[in-house]
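Pasting in a structure now, in structure tokens, and then I'll have a few things to ask.
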Amino acid sequence: MPWTQELIAQWVNNGRIGPPTASASQAKINRLTSGVANREKLSIADLIDRKGMLTDVRTRVSLMHRDLRDLAKSVSIPAR
């Protein structure tokens with residue numbers, strides 16, 4: 001399963017969002033992913049969910065960065 005799908009499943013299990021295919025969930029997903037320019041009003045609960053979700057994404061990206069760094073170290077050719 002791709003990491004993005006794993007994150008979405010984790011967010012559904014944690015109650016941050018409902019199933020993405022449910023029409024009722026789409027309004028919350030739109031609020032959570034809207035930019036500042038949209039001037040969408042967010043509740044404190046929305047902000048808490050958004051912060052948690054961004055933290056989850058940041059963690060995944062950090063792990064990928066670490067893995068790529070380790071891979072680059074293992075395949076690098078030493079300088080002469």
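Can you tell me which residues in segment 36-61 are in contact (Cβ under 8 Å) with a residue 40 or more places away in the chain and over 16 Å from N14 (Cα atoms)?
R60
Do we find that V61 is surrounded by 10 or more Cβ atoms within 10 Å (Cβ to Cβ), under 14 Å from the mean Cα position of the chain (by Cα) and farther than 15 Å from R16 by Cβ in this structure?
yes
Are any residues in segment 1-48 acidic (D, E) and over 17 Å from T59 (Cβ atoms), and if so, which ones?
Narrowing segment 1-48 to residues acidic (D, E): 6, 40, 46.
Scanning segment 1-48 gives E40, D46.
Continuing with the same structure: For D46, state whether it is surrounded by 13 or more Cβ atoms within 10 Å (Cβ to Cβ) and charged (D, E, K, R). Even if it seems obvious, please write down each step before you answer.
Details: surrounded by 13 or more Cβ atoms within 10 Å (Cβ to Cβ): yes; charged (D, E, K, R): yes.
In short, yes.
Okay, moving on. Inside segment 1-19, can you point out the residues that are in a loop (DSSP other than H, G, I, E, B) and surrounded by 13 or more Cβ atoms within 10 Å (Cβ to Cβ)?
Applying the first criterion (in a loop (DSSP other than H, G, I, E, B)) to segment 1-19 yields 1-2, 14-19.
Those that are in a loop (DSSP other than H, G, I, E, B) and surrounded by 13 or more Cβ atoms within 10 Å (Cβ to Cβ): R16, I17, G18.
Since every read-out is calculated from the coordinates, none of them should be taken as a lab result. For clarity, every value in this text was computed on a predicted model and none was experimentally measured. Note: ideal-geometry Cβ built from the backbone for every residue, glycine included; neighbour counts use all protein chains shown.
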